Amino acid sequence: MKRYSLALLAATGLVGLTMGATAAEARDQLHIVGSSTVFPFATAVAEQFGKAGSFKTPVVESTGSGGGIKLFCAGVGDDTPDIANASRKIKDSEIETCKKNGVTAITEVTIGYDGIVLANSKQGPALKLTVQDVWKALAKQVPVDGKLVDNPYKTWQDVNKDLPAEKIEVLGPPTTSGTRDAFVELVMDEGCKDSPEIKAISDAKARTAACGALREDGGYIDAGENDNLIVQKLESNPAALGIFGYSYLEQNADKLQGSLMDGVAPTFENIVSGKYEVSRPLFFYVKNQHADKVPGLREYIAEFVSDKATGQEGYAIDKGLIPLPEDKHKEAAESANALKSMM
Amino acid sequence: MTDFTMPSVAGTATTRLRKPDLSPGRISRRYAAERRFRLYGVLAVSLAMVMLALLLVSIVSKGYSAFMQTRINLDIAFDAQEIDPQNTHDPAVLKAANYTALIRKALSAQFPDVTERIDRRRLYDVVSNGADLQLMKMVLANPAIIGTTQSVSLLAGDDFDMLNKGRISRDVPEAERVLSDKQVGWFDKLQSAGRVHYAFNTDFLTSGDSREPEQAGILGALVGSLLTMITTVVLALPLGVMSAIYLEEFAPKNRLTDIIEVNINNLAAVPSIVFGLLGLAVFLGFFGLPRSAPLVGGLVLSLMTLPTVIIATRTAVKAVPPSIREAAYGVGASQLQVVLHHVLPLATPGIMTGAIIGLARALGESAPLLMIGMVAFIVDVPHSIVDPSTVLPVQVYLWADSPERAFVERTSAGIMVLLVFLVLMNAAAIFVRRRFERRW
């Protein structure tokens, strides 16, 4: 008997394999990849789009911006994604890869903004920071007496005497994260650009590296991609600061307080109006060549840029997305619906 | 006892035989050492138990409330004008009707004094935005209710659900709460009118994922895990058992089989993400299998489980006493008959235990599945091994990463479902072992 059941098992395995081979036919379901920052908004839109009933609910993968664009640019056809979400602009090198693989028409759609906040537990002191303070507190090398040396600062008071004498301990995203890239660009680069010692570096590349390098002696702690984890760690450690997206601050306003940056508090209104400057645009990229092949692609884009979703009071805004100003939103919607290629 | 000296082998040096020290002091020291050793053992076991209890308590205390759900009873007027003005009863018309408007009307009827636009928007949040689907299903199932007024129990919005469960505190200042004082007031009013219910959350076990915490369910991930595990068993078990039996019973012992053996042991220790990369290159890239499918997930995980199954099977086969083989040969059985009729049945408990331990590890994996697209938001419950799907640990990870407060309890509830799945698998292993175990 054993013999037969073994043979049966093996046969089932083979049947499974052949079923897989025949399934690679035309796709009737959108396939979206990319940034984990855009993920909560893209999934909200995908769900509404599926509920409307005319098309299947798209599959949305959370791969990170870079990983998503890599898959997106791998070619044209059913086994490649239709849309890549990104929390940063597509790079020229990535566009080159796309072209090389036959992806010749891409539409860029700006969907809104995401604020990056520095926050700590309500039990800790409220901080009034400037980008210069943050840079000095977190950079690997800082200027002391006209020379760049390894960061000697232990407490916030060492950085700026108006700040409390709390140990510098900042939890933030790892190097693979788009949030980290944006933080470096919006805070670290801003904070260092007026320093004469940095200006003295003639090589542009070395200058960027000196600005953007974060300290590795325990002042900055790589806390993983999961923003909720950072929030939980802040709750249990009132002395620490965390770096994460604005929507997490909004949801945890009873436990956390956002630090003022250059005198501006990280509130919804301040981010919308642009007063709070540590914010970045979010995008998605559409493969135009799929528009007439995969059913629902045009309709999904229309849903995403509709007022109902990303307008001033849309449901994606309820999920924590910061909306574009009205005129810009209209402009973005028009160019998205027309599938205006950026290449 | 007498002391004596013994000439050593070398003949020059002499060694004194040790006399046993039976003094009371030494004996009590020996007993004390034994008691200490036992104490360490008990301490180690209790430490492990405390950790396990802490883990379970923290998960269950956070997650149990996800199995209950706040619902709100509203008197919905199924207005014929709104749903089906031409009285066609055509499903397409019934599907397209605006059921949200019906809910909003019912809510406004409850709170006629709420007139400002912003306030009304906030009021509508009391009921989940998926509630219109529930009404649509009711009408489609029974078009006769059009024109009547029914008392319908609708899902509450996630923030109000959290309020009802005490996970949003009423004591903190209004500015720090997701809900405003007005919203809390409305909810209290509904509650004192007896319209708030707290019932078992069947939706959690019967629906797929959602971005709205109150609508999110585990079924999609559960079915995905089941399909992935079935694929893994179907591939890894026969392949693993056959390779192990060949290597153990038939293969010549030479350098080549030694190298194979070492490599199988190495393979068991390879980090799982490597198998994911392999799956991406081979199954998706070369064979062109669909992304996000349990088939590919199962293939990748079976590669990962294979070494465990092979090693467990070889150990189990080795443990079958030679006397049984020799007796079988003695009555004239061929080598194949010895293996299939005697060795394999006797080794089954060991094989099954090993296989299920390997599967339990595969069930908890999420890293290799990232590469093949199973870390994804998928609403539809998969029906076959080529439908896009996700698995339980991935679902837990995705929920843990969501900002909404209500996903905290879903995350823990997801872990509870995963643990139940694991316990069932381990129970199956124990059952199989008890059933087939032989003593000799």
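Only the coordinates and a few stated rules stand behind these numbers; no lab work does. Because the structure is a prediction, the values reported are computed rather than measured. Cβ atoms come from the backbone with ideal geometry, glycine included; neighbour counts cover every protein chain shown.
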The protein assembly as shown: projected area of the alpha-carbon convex hull, averaged over directions, in nm²:
52.5
Loop only per DSSP, at most 13 neighbouring Cβ atoms within 10 Å: give me the trypsin sites (Lys or Arg not before Pro) in segment A:66-98, ordered by residue number.
A:Lys91
Order by protection proxy (mean Cβ within 10 Å, highest first), peptides B:125-132, B:50-57, A:260-267
B:125-132, A:260-267, B:50-57
Which of B:Pro322, B:Pro20, B:Pro238 moves the most in a Gaussian network model of chain B with Cα springs under 10 Å?
B:Pro20
Give me the dipole magnitude in Debye, nearest 20, for segment B:67-200 about the Cα centre, with unit charges on the beta carbon: positive for Lys and Arg, negative for Asp and Glu.
160
Rounded to the nearest 20 debye, what is the charge dipole size of chain B about its Cα centre when +1 sits on each Lys and Arg Cβ and -1 on each Asp and Glu Cβ?
2540
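Taking GluC sites (Glu not before Pro) as candidate sites, keep only those in a DSSP loop with at most 14 other Cβ atoms within 10 Å, then name the longest stretch of chain A containing none of them. List each step's numbers first, then the result.
On the way: sites that count: A:Glu25, A:Glu216, A:Glu313.
My reading of the result: A:26-215 is the longest stretch.
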How many partner chain Cβ atoms sit within 10 Å of a residue's Cβ in peptide B:394-403, on average, as a whole number?
5
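What FRET efficiency would be calculated for the residue pair B:Gln191, B:Lys253, taking the C-beta separation as r and a Förster radius of 51 Å, to the nearest 0.05?
Working: r = 76 Å, r/R0 = 1.49.
That pair, B:Gln191 with B:Lys253, gives E of 0.10.
How many times 2.2 N^0.38 Å is the alpha carbon radius of gyration of segment B:59-199?
Details: Rg = 16.6 Å, N = 141, 2.2 N^0.38 = 14.4 Å.
For segment B:59-199, the normalised Cα radius of gyration comes out at 1.15.
Please get the size of the charge dipole for segment B:219-436, origin at its Cα centre, with Cβ charges of +1 on Lys and Arg and -1 on Asp and Glu, quoted in debye to the nearest 20. Intermediate values should be presented prior to the final figure.
Numbers: 12 positive and 11 negative charges, 96 e Å.
It works out to roughly 460 debye.
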Degrees separating the helix B:255-267 axis from the principal Cα axis of chain B, which is the longest one
40
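Need one value for B:287-298: mean number of C-beta atoms belonging to other chains within 10 Å of its residues' C-beta atoms.
4
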If you average the C-alpha positions of segment B:142-172 and of segment B:328-373 separately, how far apart do those two centres end up, in angstrom?
51
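Just need the relative contact order of segment B:327-440 here, percent rounded to a whole number, with Cα pairs under 8 Å and 6+ apart. Write out the running numbers ahead of the final one.
Details: 75 pairs, mean separation 37.0, N = 114.
Relative contact order for segment B:327-440 comes out at 32 percent.
Computed FRET efficiency, Cβ-Cβ of A:Thr155 and B:Val60, R0 56 Å: what is it to the nearest 0.05?
Numbers: r = 41 Å, r/R0 = 0.72.
Step by step, r from the Cβ atoms, then E = 0.85.
My understanding is that a pair violates if its Cα-Cα distance is over 22 Å; which of A:Lys99/A:Lys340; A:Lys56/A:Lys293; A:Lys99/A:Lys330 do that in this structure? Before the final figure, lay out each step's value.
Numbers: A:Lys99/A:Lys340 16 Å; A:Lys56/A:Lys293 15 Å; A:Lys99/A:Lys330 29 Å.
Check vs 22 Å cut-off fails for A:Lys99/A:Lys330.
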Choice from B:Leu239, B:Leu301, B:Leu336 showing the highest fluctuation, given a GNM over chain B with Cα pairs closer than 10 Å:
B:Leu336
For segment B:36-120, state the average projected area of the convex hull of the C-alpha atoms over all orientations, rounded to one decimal in nm².
11.4
For segment A:115-279, what is the percent of antiparallel DSSP beta bridges, rounded to the nearest 5?
70
Sequence gap at least 6, Cα distance under 8 Å: using those rules, report the relative contact order of segment B:219-436 to the nearest whole percent.
31
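Subtract the Cα-Cα distance of B:Val331 and B:Leu205 from 0.36 nm times their separation in residues, and report this length gain in nm to one decimal.
Answer, rounded to one decimal: 39.7 nm.
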Viscosity 1.002 mPa s, 20 °C: Kirkwood-radius Stokes-Einstein D of chain B over Cα pairs, µm²/s:
78
Could you give each residue of segment A:328-343 its phi-based ³J(HN,Hα) in whole Hz, using Karplus coefficients 6.51, -1.76, 1.60 with θ = phi - 60°, and x for Gly or Pro?
5, 5, 5, 4, 4, 5, 5, 5, 5, 5, 7, 6, 6, 6, 8, 9
So, counting K/R as plus one and D/E as minus one, what does the shell of residues with Cβ under 9 Å around A:Ala291 add up to?
+1
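Let me make sure I get this right: for segment A:35-145, a, b and c are the square roots of the gyration tensor eigenvalues over alpha carbons, sorted descending. Under 1.5 in a/c it's rounded, otherwise prolate if a/b > b/c, else oblate. Which is it? Write down the numbers at each step before the final one.
On the way: a/c = 3.63, a/b = 1.63, b/c = 2.22.
In terms of gyration-tensor shape, oblate.
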Violating pairs (Cα-Cα greater than 20 angstrom) within the set A:Lys233/A:Lys275; A:Lys91/A:Lys140; A:Lys70/A:Lys100; A:Lys100/A:Lys205; A:Lys319/B:Lys105; A:Lys51/B:Lys95
A:Lys233/A:Lys275; A:Lys91/A:Lys140; A:Lys100/A:Lys205; A:Lys319/B:Lys105
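Contact order normalised by length for chain B, with contacts defined as Cα pairs under 8 Å and 6 or more residues apart; what percent is it? Can you show the working numbers first?
Numbers: 562 pairs, mean separation 79.5, N = 440.
For chain B, the relative contact order is 18 percent.
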Neighbourhood net charge (15 Å Cβ-Cβ; Lys/Arg +1, Asp/Glu -1) for B:Ala33:
+4
Environment charge at A:Tyr276 (Cβ cut-off 14 Å; Lys +1, Arg +1, Asp -1, Glu -1):
-3
Could you work out how much longer the chain between B:Ser384 and B:Leu422 gets when fully extended? Use 0.36 nm per residue separation minus the Cα distance between them, nm to one decimal.
11.5 nm
Between the residues A:Ser335, A:Val264, A:Tyr300, the Cα farthest towards the positive end of the dipole of chain A, that dipole coming from +1 and -1 charges on the beta-carbon of Lys, Arg, Asp and Glu, is from A:Tyr300
Across all directions of projection, what mean area in square nanometres is found for the Cα convex hull of segment B:219-436?
13.7
Give the average, rounded to an integer, of partner chain Cβ atoms located within 10 angstrom of each Cβ in B:168-177.
2
So if R0 is 25 Å, what FRET efficiency would B:Phe111 and B:Val172 give, r being the distance between their Cβ atoms, rounded to the nearest 0.05?
0.55
Rounded to the nearest 500, what is chain B's calculated 222 nm mean residue ellipticity when only DSSP H runs of at least 4 contribute -39500 (n - 2.57) each, over all residues?
-18500 deg cm²/dmol
Would you mind telling me which residue in B:Gly330, B:Gly364, B:Gly63 has the biggest mean-square fluctuation in a Gaussian network model of chain B, where springs connect alpha carbons within a distance under 10 angstrom?
B:Gly330
Rank by packing, highest mean first: peptides A:39-45, B:397-403, with packing defined as the count of other Cβ atoms within 10 Å averaged across residues.
A:39-45, B:397-403
Obtain the nm distance between the two label points defined at A:Asp292 and B:Arg434 by a simple spin-label model: each point lies 7 Å from its Cα along the Cα-to-C-beta direction.
6.6
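What value, in deg cm²/dmol to 500, does the helix sum -39500 (n - 2.57) over DSSP H runs of n ≥ 4 give at 222 nm once divided by the residues of chain A? Intermediate results must be reported in sequence, preceding the final value.
Values: 17 runs with 137 residues, N = 343.
It comes out at -10500 deg cm²/dmol, rounded to the nearest 500.
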